[in-house]
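*Asks:* Handing you this structure, nothing more for now.
The values are calculated or read from the model by the stated rules, or taken from the named source; none is laboratory data. Keep in mind it's a predicted model, so treat the numbers as computed, not measured. Glycine also receives a Cβ, built like all others from the backbone with ideal geometry; neighbour counts cover every protein chain displayed. Accessible surface is based on the protein model in full, side chains and every heavy atom, while ligands, DNA and RNA are left aside. Shrake-Rupley method; radii C 1.70, N 1.55, O 1.52, S 1.80 Å.
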Amino acid sequence: MTTGLHDAIDPALVPQRRLYTGAAMPAIGLGTFGSDHVSGEEVAAAVEGAAAVGYRHFDCASVYGNEDRIGGALRRIVAGGIRREELWIVSKLWNDRHAEQDVIPSCRKSLADLGLDYLDMYLVHWPFPNFHPPGCDVSSRSSDARPYIHENFMNTWRQMEQLVDMGLVRHIGTSNMTIPKLRLLLRDARIKPAINEMEVHPHFQQPELFEFVRAQGMEPVGYCPIGSPARPERDRTPEDTVDIEDPVIVAIAHRLGVHPAVVCVKWAVQRGQTPIPLSTKRIHYLANLQATVSEPLSADDMDAIAAIDKNCRLIKGQVFLWKPGQSWEDLWDLDGEIKQ
Ligand SMILES: NC(=O)c1ccc[n+]([C@@H]2O[C@H](COP(=O)([O-])OP(=O)(O)OC[C@H]3O[C@@H](n4cnc5c(N)ncnc54)[C@H](OP(=O)(O)O)[C@@H]3O)[C@@H](O)[C@H]2O)c1
């Protein structure tokens, strides 16, 4: 259906990703992690406004602390005439709910908060069960922190599979995984993950993981697609680079007459991941959606952006480290081995 606003995008024109189940997932979603700077009410208003301009895919998580407010927005969206089946709603299991007995209740809580009777996608947010409070400093460590233990992860995954069997979720997936961890999961899963949500932006393209995920019949969903320019100070390091200030991105943006953020989104959809940019400003989230239906970037533009990868991970995950003397690189299995 169309939304009736003169500048809205017909959702039927927005590119879709075909999952291995045959389901169609819109190739762009709205992020909903307000972090310290955007309240739950503002995020919920953005969800409602984004649905009105043509978004159908919303990336939620229990840890974002706003699913109840987003639930209110979803109820108004459906009351306004958009059918539930037209929406693609994602939520995520937080790290302190990996225990077998916690997975199903945690999903039920997200469903209740969101006012839904099923989720289109439910993800294990991180492969580490280590609790840390939202908003804590990167130097914070959990006293019972552990590395990735595949047997434990599979116990969690069995409950994720159960959620599919129960009809509470249509698909399950992973987030913040690496190739070695995914190999084990793909070997042992009864229900294969349909997506892997991972950090992807022009300065952090993760080509190896991106190709691996696609080769396994999963879809890569890219978080921080604009390089998360408003992330809190605690999530920054001096080495971090700024995608929207990259001369290649800026030059393309000038030529097209758009903000550099829009170039990042356009590149993402065209390359093949599904970006989930957050914006609370109508002009911005509309521009990001428009980017998916307007004339594609040229092959030269795509090549130029491929060449500015700086392997600059922004969400390093320091809080998940489990023993003294480690560095955040240990979380990401860079030498192909799962660190213990
Ligand atoms: N799975 C995970 O572990 C994980 C981790 C991190 C994030 N995520 C998900 O990914 C989503 C996106 O990540 P993110 O929010 O950190 O970063 P992001 O989407 O890369 O950047 C968001 C920032 O970009 C600005 N922006 C967006 N569109 C713009 C435009 N067209 N022009 C100018 N500025 C624009 C927004 O400001 P305005 O509001 O002012 O437009 C906002 O400050 C999150 O909300 C969350 O859903 C998942």
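*Asks:* Only one of these conditions is not met by SER139: (1) among the hydroxyl-bearing types (Ser, Thr, Tyr); (2) part of a loop (DSSP other than H, G, I, E, B); (3) at pLDDT 95 or above. Which number is it?
*Replies:* In the conditions (1) among the hydroxyl-bearing types (Ser, Thr, Tyr); (2) part of a loop (DSSP other than H, G, I, E, B); (3) at pLDDT 95 or above, SER139 misses (3) alone.
*Asks:* Continuing with this model, one more query. Evaluate the following for GLU211: is it under 26 Å from ALA304 (Cα atoms), within 14 Å of the ligand (Cβ to nearest atom) and charged (D, E, K, R)? I'd like the intermediate steps shown before the answer.
*Replies:* Details: under 26 Å from ALA304 (Cα atoms): yes; within 14 Å of the ligand (Cβ to nearest atom): no; charged (D, E, K, R): yes.
No: the conditions fail for GLU211.
*Asks:* Pick from region 8-52 the residues that are modelled with pLDDT of 95 or more and of a type in the set (D, E, K, R): which of them is farthest from the chain's Cα centre (by Cα)?
*Replies:* ASP10
*Asks:* Go through region 292-330 and report how many residues are crowded, with 18+ Cβ neighbours inside 10 Å, out of contact with any Cys (no Cβ under 9 Å at 6 or more places or on another chain), hydrophobic (A, V, I, L, M, F, W, C) and closer than 27 Å to LEU30 by Cβ.
*Replies:* Summing the residues that are crowded, with 18+ Cβ neighbours inside 10 Å, out of contact with any Cys (no Cβ under 9 Å at 6 or more places or on another chain), hydrophobic (A, V, I, L, M, F, W, C) and closer than 27 Å to LEU30 by Cβ in region 292-330 gives 3.
*Asks:* List the number of the failed condition for ALA291; all other conditions in (1) at positive phi; (2) within 11 Å of the ligand (Cβ to nearest atom) hold.
*Replies:* Result: ALA291 fails condition (1) only.
*Asks:* Still on this structure, please answer the following. Got a number for residues in region 240-278 being surrounded by 20 or more Cβ atoms within 10 Å (Cβ to Cβ), outside any helix (DSSP H, G or I) and near the ligand (Cβ under 7 Å from one of its atoms)? So that I can check it myself, show each step before the final result.
*Replies:* Applying the first criterion (surrounded by 20 or more Cβ atoms within 10 Å (Cβ to Cβ)) to region 240-278 yields 243, 246, 249, 252, 260-269, 273-278.
Restricting the remaining residues to those that are outside any helix (DSSP H, G or I) gives 246, 273-278.
Applying the additional criterion that residues be near the ligand (Cβ under 7 Å from one of its atoms) yields 276-278.
Within region 240-278, residues that are surrounded by 20 or more Cβ atoms within 10 Å (Cβ to Cβ), outside any helix (DSSP H, G or I) and near the ligand (Cβ under 7 Å from one of its atoms) number 3.
*Asks:* Here are ALA194, ALA230: which of them is over 16 Å from LEU331 (Cβ atoms), among the hydrophobic types (A, V, I, L, M, F, W, C) and out of contact with any strand residue (DSSP E or B) (no Cβ under 8 Å at 6 or more places or on another chain)? It would help to see each step written out before you state the result.
*Replies:* On the way: ALA194 fails: out of contact with any strand residue (DSSP E or B) (no Cβ under 8 Å at 6 or more places or on another chain).
Going through ALA194, ALA230 in turn, just one is over 16 Å from LEU331 (Cβ atoms), among the hydrophobic types (A, V, I, L, M, F, W, C) and out of contact with any strand residue (DSSP E or B) (no Cβ under 8 Å at 6 or more places or on another chain): ALA230.
*Asks:* Something else now. Please go through region 180-203 and pick out each residue that is closer than 23 Å to ARG18 by Cβ and surrounded by 19 or more Cβ atoms within 10 Å (Cβ to Cβ). Write out each step before concluding.
*Replies:* Kept after step one, since they are closer than 23 Å to ARG18 by Cβ, are these residues of region 180-203: 182, 185-186, 189-198, 200.
If the condition is that a residue be closer than 23 Å to ARG18 by Cβ and surrounded by 19 or more Cβ atoms within 10 Å (Cβ to Cβ), then LEU182, LEU185, PRO193, ALA194, ILE195, ASN196, GLU197, MET198, VAL200 are the ones that fit.
*Asks:* Within region 34-48, take every residue that is part of a helix (DSSP H, G or I) and of a type in the set (A, V, I, L, M, F, W, C) and give me the one that is farthest from the ligand (Cβ to nearest atom). Quick ask: steps written out before the conclusion?
*Replies:* Of region 34-48, the ones part of a helix (DSSP H, G or I) are 40-48.
Subsequent filtering for residues that are of a type in the set (A, V, I, L, M, F, W, C) retains 43-47.
On the way: VAL43: 8, ALA44: 13, ALA45: 11, ALA46: 8, VAL47: 11 Å.
Filtering region 34-48 for residues that are part of a helix (DSSP H, G or I) and of a type in the set (A, V, I, L, M, F, W, C), the one farthest from the ligand (Cβ to nearest atom) comes out as ALA44.
*Asks:* Also, I was wondering about something else. Of the conditions (1) out of contact with any Asp or Glu (no Cβ under 8 Å at 6 or more places or on another chain); (2) open to solvent by less than 20 Å² (accessible area, probe 1.4 Å); (3) among the basic types (Lys, Arg), ARG18 satisfies every one except a single condition; which number is it?
*Replies:* Evaluating ARG18 over (1) out of contact with any Asp or Glu (no Cβ under 8 Å at 6 or more places or on another chain); (2) open to solvent by less than 20 Å² (accessible area, probe 1.4 Å); (3) among the basic types (Lys, Arg) leaves (2) as the failure.
*Asks:* Just name the residue that is nearest to the ligand (Cβ to nearest atom) out of those in region 215-234 that are open to solvent by 40 Å² or more (accessible area, probe 1.4 Å) and of a type outside the set (A, V, I, L, M).
*Replies:* In the first step, residues of region 215-234 are kept if they are open to solvent by 40 Å² or more (accessible area, probe 1.4 Å); the result is 215-216, 229-230, 233-234.
So of that shortlist, the ones also of a type outside the set (A, V, I, L, M) come out as 216, 229, 233-234.
Working: GLN216: 18, PRO229: 5, GLU233: 14, ARG234: 13 Å.
Once the filter is applied, the top-ranked residue is PRO229.
*Asks:* Ok, one more. When the residues of region 78-92 are narrowed to those that are open to solvent by less than 10 Å² (accessible area, probe 1.4 Å) and not basic (Lys, Arg), which ends up farthest from the chain's Cα centre (by Cα)?
*Replies:* Initial filter on region 78-92 (open to solvent by less than 10 Å² (accessible area, probe 1.4 Å)): 87, 89-92.
If we keep only those that are not basic (Lys, Arg) as well, we get 87, 89-91.
Working: LEU87: 16, ILE89: 12, VAL90: 9, SER91: 10 Å.
Here the residue is LEU87.
*Asks:* Considering region 27-60 alone, what residues qualify as being aliphatic (A, V, I, L, M) and surrounded by 22 or more Cβ atoms within 10 Å (Cβ to Cβ)? So that I can check it myself, show each step before the final result.
*Replies:* Keep residues of region 27-60 that are aliphatic (A, V, I, L, M), which gives 27-28, 30, 38, 43-47, 50-53.
Listed by number, the residues that qualify are ILE28, LEU30, VAL43, ALA44, ALA46, VAL47, ALA50, ALA51.
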